[in-house]
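Only one structure is covered here, and it is reproduced in the block below.
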Amino acid sequence: MEQQKIEAAVEFARGNRQRFVDELKALIRIPSVSTLPEHTGDVRRAAEFIASELRRIGMENVRLIETATGGHPLVYGDWLHAEGNAPTVLCYGHYDVQPAEPLEEWITPPFEPAERDGNLYARGAVDDKGQMWMHVKALESLFAANEGRLPLNIRVLIEGEEEVGGEGIAWFVQNHHDQLRSDLALISDTEMFAPDLPTLCVGLRGMIYTEIEVRGARIDLHSGMYGGAAPNPFVALAQIIAKLKDENGRVQIPGFYDKVAAPSEDELKAWKALPFDEEHYRQTEVGSPELTGEPGYSVLERTWARPTLDVHGMPGGFIGAGAKTVIPAKATAKISMRLVPGQVPSEIFEQYKSFVESIVPRGVEVTVRLIHSAEPIVVSTDNRFVKASVEAMHQVFGTDTVFVRGGGSIPIVGDFIRELGLPTLMMGFGLPDDNLHAPNEKFHLANFHRGIESIIRFFAAAGA
Ligand code: BES
Ligand code: MN
Ligand code: MN
């Protein structure tokens, strides 16, 4: 694609900034919360919204794909008419979002996008509707500036179940290699290390998300009449949880660390050179009196390269205002482990399950369930796509790209690598304080626009 046309595509994007944001707002107003059954219709509406926009900009074979696992649909589209032997890029994103609760913490309602101080506030603004929209708008700009053609072949695959484990897309990828044949997966669902610092994410933690259910008495009991003789499932659960992790943050499951692969010396050295202020991070991002975790590892190592275990909630018993004297018949805990390269999710789950079963207190029965899992990944930086992306972002940000890992998980990336053999480029434009999964999620609009320009330039370079 000639330089003049690339600049015309960037100009098109600049000239349409407000419209791009307005469209994103319309998408965000659809509350596509994948985990809540009452939003199933909204999730589908969001998929249809994206499909109709893909058709409008010139993508072909656009359709919703229903998966064999019966969950939310995938959105697919492609355009495969590039000249010469231009590569094919698979653009991945997700249109589902996390629940918005606690609602009272939001300054403006989560599904009424609001612009304040150069940010767009809403659930899904950055994770991942806004970032996925950058791909769509970069494609639109290239079509518009280049007589309805693209400089490379594109497949778009957008899922609606990322936040709940991505079962449907995993099934589709495993069973439709031929329909997804590509040379690269491009993902914008990660963060920049700092404002103005273009960033490629080269590794993600994996995870297993589990639930422990503890049952004691056959039914809830009066705690005065039976307390002292009847087992208490919450106390039993607390005793189990207390044995999972020690006070230094070390997970106590036998074998848990056996296969952990340490990052290379080069990688550790590069992380030390990143502009990271631990005290600032503690105060502004975490906001706790002290940071915790494994001694001997930096915060970046603890969150990117060390596995960990967290408790997300303990449903059951009496949680209303005031007091109720009851011994609950059952108690549950939602517990996940973040995993790092080397660890195999299914093996870790078995180790965890056997360990929990070996420490069950007297008087209760325990069930350990796996809800979903994701593989840990690291990607190579030694390919022409990484080079093209670094150059594209240099043109937009005027500075060199840093390579980081992310502590979060994107379940399908492991399948892209293993099943499809795709190199993966994670070019994300979120910021550390964008409040992903939290109240007042936002997307810095300057990054939305710089992201679109970076992706336009990346597509042009990758197609050359
Ligand atoms: N976009 C995030 C993952 C992420 C966030 C990666 C920040 C790197 C940096 C994604 O939407 C997400 O939240 N994934 C879930 C996956 C899980 C539910 C299987 C996660 O990490 O909790
Ligand atoms: Mn995401
Ligand atoms: Mn997320």
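The values are calculated or read from the model by the stated rules, or taken from the named source; none is laboratory data. These numbers come from a predicted model, not from an experiment. Here Cβ is always computed from backbone atoms with ideal geometry, including for glycine, and neighbour counts include all displayed protein chains. Heavy atoms of the whole protein, side chains included, go into the accessibility calculation; ligands, DNA and RNA do not. Shrake-Rupley method; radii C 1.70, N 1.55, O 1.52, S 1.80 Å.
What relative contact order, as a whole-number percentage, does the range 283-341 give when Cα pairs under 8 Å and 6 or more residues apart are counted?
Once normalised by length, the contact order is 36 percent.
Report Rg/Rh for the range 322-372, rounded to two decimals, where Rg is the Cα radius of gyration and Rh the Kirkwood radius.
Rg divided by Rh gives 1.09.
Could you state the angle between the C-alpha long axis of helix 129-145 and the longest principal axis of the C-alpha atoms of the chain, as a value from 0 to 90 degrees rounded to the nearest 10?
Between the helix axis and the principal axis of the chain, the angle is about 10 degrees.
Using a cut-off of 10 Å between beta-carbons, work out the net charge of the residues near Val378 (Lys and Arg +1, Asp and Glu -1, Val378 not included).
0
How much of the accessible area of the range 349-464, in percent, comes from carbon and sulfur atoms when a 1.4 Å probe is used? Intermediate values should be presented prior to the final figure.
Values: 2190 of 4420 Å².
After summing per-atom areas, the C and S share lands at 49 percent.
What's the carbon and sulfur percent of the range 150-247's accessible surface, probe 1.4 angstrom, rounded to a whole number?
50 percent
From zero outward in steps of 5 Å, how is the percent of C-alpha pairs of the range 78-121 spread across the bins?
Per 5 Å bin, starting at 0, the Cα pair percentages come out as 5, 15, 15, 14, 11, 7, 9, 11, 9, 4, 2, 0.
Rounded if a/c is under 1.5, else prolate if a/b beats b/c, else oblate: with a ≥ b ≥ c from the C-alpha gyration tensor eigenvalues square-rooted, which is the range 93-174? Kindly include the intermediate steps, with their values, before the conclusion.
Working: a/c = 4.74, a/b = 1.33, b/c = 3.55.
Oblate, since a/c reaches 1.5 and b/c is not below a/b.
Given q = 0.08, 0.09, 0.11, 0.13 Å⁻¹, what are the Debye log10 I(q)/I(0) values for the chain, with equal point scatterers placed on the Cα positions and solvent ignored?
Each listed q corresponds, in turn, to -0.50, -0.63, -0.92, -1.25.
When the dipole is taken about the Cα centre of the range 94-221, and only Lys, Arg (+1) and Asp, Glu (-1) are charged at their Cβ, what size is it in debye, to the nearest 20?
420 debye
Could you look at the range 1-99 and say what percent of its accessible area is carbon and sulfur, using a 1.4 Å probe and all protein chains?
On the range 1-99, the fraction of accessible area on carbon and sulfur atoms equals 47 percent.
Enter the angle in degrees (range 0 to 90, nearest 10) between the Cα long axis of helix 345-358 and the first principal axis of the Cα atoms of the chain, meaning the one along which they spread out most.
10 degrees
Across the range 308-464, how many lysine pairs, 8 or more apart or on two chains, come within less than 29 Å at their alpha-carbon atoms?
Lysine pairs satisfying the spacing and distance rule in the range 308-464 number 4.
Helix 445-463 sits at what angle to the longest principal axis of the chain, using alpha carbons and giving 0 to 90 degrees rounded to 10?
The angle comes out at about 60 degrees.
How large is the dipole of the chain about the Cα centre if only Lys and Arg carry +1 and Asp and Glu carry -1, each at its Cβ, rounded to the nearest 20 debye?
Magnitude of the dipole: close to 620 debye.
Heavy-atom accessible area per residue, the chain, 1.4 Å probe: how many Å²? Mind showing how you got there, number by number?
Numbers: 19900 Å² over 464 residues.
Per residue, the chain has an accessible area of 43 Å².
If you take every residue apart from Pro432 with its C-beta less than 9 Å away from the C-beta of Pro432, what net charge results, scoring Lys and Arg +1 and Asp and Glu -1?
Neighbour charge sum, excluding Pro432 itself: -4.
Could you order Ser141, Ser380, Ser373 so the one with the most accessible surface comes first? Probe is 1.4 Å.
In descending accessible area the options line up as Ser380, Ser373, Ser141.
Counting alpha carbon pairs within less than 8 Å and at least 6 residues apart, what relative contact order, in whole percent, applies to the chain?
Value for the chain: 26 percent.
Can you send over the solvent-accessible area of Trp304, 1.4 Å probe, protein chains only, in Å² to the nearest 10?
20 Å²
From the phi of every residue in the range 231-240, what ³J(HN,Hα) in whole Hz does the Karplus formula 6.51 cos²θ - 1.76 cosθ + 1.60 yield, where θ is phi - 60° and glycine or proline is x?
In residue order, the calculated couplings are x, 10, x, 5, 5, 4, 5, 4, 5, 5 Hz.
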